[in-house]
Amino acid sequence: MSERRKSYNPIAQLYDRARPAYPAELFDDIIAFANLGEEARLLEIGSGTGQATLPLAERGYAIDCIELGKELAAIARQKLMQFPNVRVKNADFETVALPPRAYDLVYAATAFHWIDPAISFRKAHSLLKPGGALALFWHRPVLTAASREHVNALQAVYRRVVPEMARDYTLPPGPDEVSTEYAELIPGSGFFGDLAIHKHYVLTKYSVEAYVDLLGTFSDHTALPPATRRQLFTEISALVNREFAGVALRETVALLYLARRK
């Protein structure tokens with residue numbers, strides 16, 4: 001896992017272009033739960049190129065961002081340079097020195113699972129002010145009738161080109177059935193209480209180019225041999241153009257966990 005979490009830095013430009021944003025309502029949920037005032041100070045773990053930083057920076061908050069990837073951090077700095085209260089530090093959250101009890105909110109967008117669980121909750125707790133909030137969120141794939149035909153057709157390509165990936169694949173759940181494993185991990189850490197979970201459903205239509213770009217940012221796809229990855233993407237592109245008029249559908253739930261420091 002330690003190597004896979006580094007796989008995004010070499011594709012930083014692609015990552016910034018392809019990875020989806022999060023619904024505005026998700027940030028409204030965070031602000032309301034954490035009761036963030038104008039002077040609130042935030043810490044983001046694994047800020048990437050700033051997809052989840054920008055919406056909070058635009059609301060005027062002071063944010064310290066920790067990002068392991070040098071190239072990812074550089075893009076984030078460029079994107080956020082108009083916000084003087086936002087700082088991006090190229091560092092490893094597990095080892096970086098940060099001021100204790102300094103933050104009203106610690107949050108991570110599609111990043112917290114990369115942190116050693118023996119460190120993650122304990123350190124987040126130590127950095128929060130008394131009563132401060134933790135927000136963890138991810139895009140989780142889901143499936144309804146809206147995209148079922150697309151998913152089934154694409155899986156036929158995976159079974160043919162990368163059968164080892166297809167064997168490990170299971171169809172996504174429905175939006176109401178998405179796994180909430182952190183519902184046990186967060187209170188089980190002993191550091192957080194008052195757990196709340198929010199789910200925001202999103203249906204996204206991708207052009208062929210944008211969809212292949214997105215696939216190219218997934219760590220299991222970047223781990224494929226280059227020739228295999230090229231063949232997979234070529235066949236997926238041909239399928240989407242041929243059977244779906246050049247439009248790929250992807251359903252997700254933006255899954256948000258909120259909790260308060262004990």
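Under the condition of being of a type in the set (Ser, Thr, Tyr) and part of a loop (DSSP other than H, G, I, E, B), which residue from region 69-115 is surrounded by the fewest Cβ atoms within 10 Å (Cβ to Cβ)?
Here is the first cut: in region 69-115, the ones of a type in the set (Ser, Thr, Tyr) are 95, 103, 107, 110.
After this cut, where a residue has to be part of a loop (DSSP other than H, G, I, E, B) as well, the list is 95, 110.
Working: Thr95: 8, Thr110: 19.
Of everything passing the filter in region 69-115, Thr95 is surrounded by the fewest Cβ atoms within 10 Å (Cβ to Cβ).
Which ones in region 116-144 are at pLDDT 95 or above and assigned to a loop (DSSP other than H, G, I, E, B)?
Scanning region 116-144 gives Val142, Leu143, Thr144.
Report every pair of residues separated by at least 6 positions or lying on different chains whose Cβ atoms are under 8 Å apart, first residue within region 1-19 and under 21 Å from Ile115 (Cβ atoms) and assigned to a helix (DSSP H, G or I), second modelled with pLDDT under 80 and not aliphatic (A, V, I, L, M).
These pairs meet every condition: Tyr15/Tyr8.
So Gly48 passes all but one of these: (1) at pLDDT 95 or above; (2) assigned to a loop (DSSP other than H, G, I, E, B). Which condition number does it fail?
For Gly48, the exception is condition (1).
When you go through Leu72, Leu54 one by one, which is the residue that is of a type in the set (A, V, I, L, M), within 21 Å of the chain's Cα centre (by Cα) and modelled with pLDDT under 95? Talk me through it step by step, then tell me what you get.
Numbers: Leu54 fails: modelled with pLDDT under 95.
The unique qualifying residue is Leu72.
Hey, any hits in region 219-238 for a residue that's at pLDDT 95 or above, acidic (Asp, Glu) and farther than 30 Å from Asp28 by Cβ?
So far as region 219-238 goes, yes, one or more of its residues are at pLDDT 95 or above, acidic (Asp, Glu) and farther than 30 Å from Asp28 by Cβ.
Tell me whether region 146-153 contains one or more residues that are β-branched (Val, Ile, Thr), part of a helix (DSSP H, G or I), within 23 Å of Thr217 (Cα to Cα) and in contact (Cβ under 8 Å) with a residue 12 or more places away in the chain. Steps first, answer last, please.
Initial filter on region 146-153 (β-branched (Val, Ile, Thr)): 151.
Still in the list and also part of a helix (DSSP H, G or I): 151.
Next cut, within 23 Å of Thr217 (Cα to Cα) only: 151.
This time we only want the ones that are in contact (Cβ under 8 Å) with a residue 12 or more places away in the chain, so: 151.
Yes, region 146-153 contains a residue that is β-branched (Val, Ile, Thr), part of a helix (DSSP H, G or I), within 23 Å of Thr217 (Cα to Cα) and in contact (Cβ under 8 Å) with a residue 12 or more places away in the chain.
Go through region 1-25 and count every residue that is modelled with pLDDT of 90 or more and over 13 Å from Thr110 (Cβ atoms).
The initial filter retains those residues of region 1-25 that are modelled with pLDDT of 90 or more, namely 21-25.
If we keep only those that are over 13 Å from Thr110 (Cβ atoms) too, we end up with 23-25.
Number of matching residues: 3.
Among the residues of region 135-145, what is the count of those that are out of contact with any Ser or Thr (no Cβ under 9 Å at 6 or more places or on another chain) and in contact (Cβ under 8 Å) with a residue 40 or more places away in the chain? Spell out the reasoning first.
Of region 135-145, the ones out of contact with any Ser or Thr (no Cβ under 9 Å at 6 or more places or on another chain) are 135-136, 143-145.
Of the ones still in play, those that are also in contact (Cβ under 8 Å) with a residue 40 or more places away in the chain are 135-136, 143-144.
The qualifying residues number 4.
Collect the residues in region 57-97 that are in contact (Cβ under 8 Å) with a residue 40 or more places away in the chain and touching a helix residue (DSSP H, G or I) at 6+ places or on another chain (Cβ under 6 Å), keeping them in residue-number order.
Gly69, Glu71, Leu72, Ile75, Val88 - these are the residues of region 57-97 that are in contact (Cβ under 8 Å) with a residue 40 or more places away in the chain and touching a helix residue (DSSP H, G or I) at 6+ places or on another chain (Cβ under 6 Å).
The values are calculated or read from the model by the stated rules, or taken from the named source; none is laboratory data. Keep in mind the model is a prediction, meaning the values are calculated, not measured. Here the Cβ is made from the backbone with ideal geometry for all residues, glycine too, and neighbour counts use every protein chain on show.
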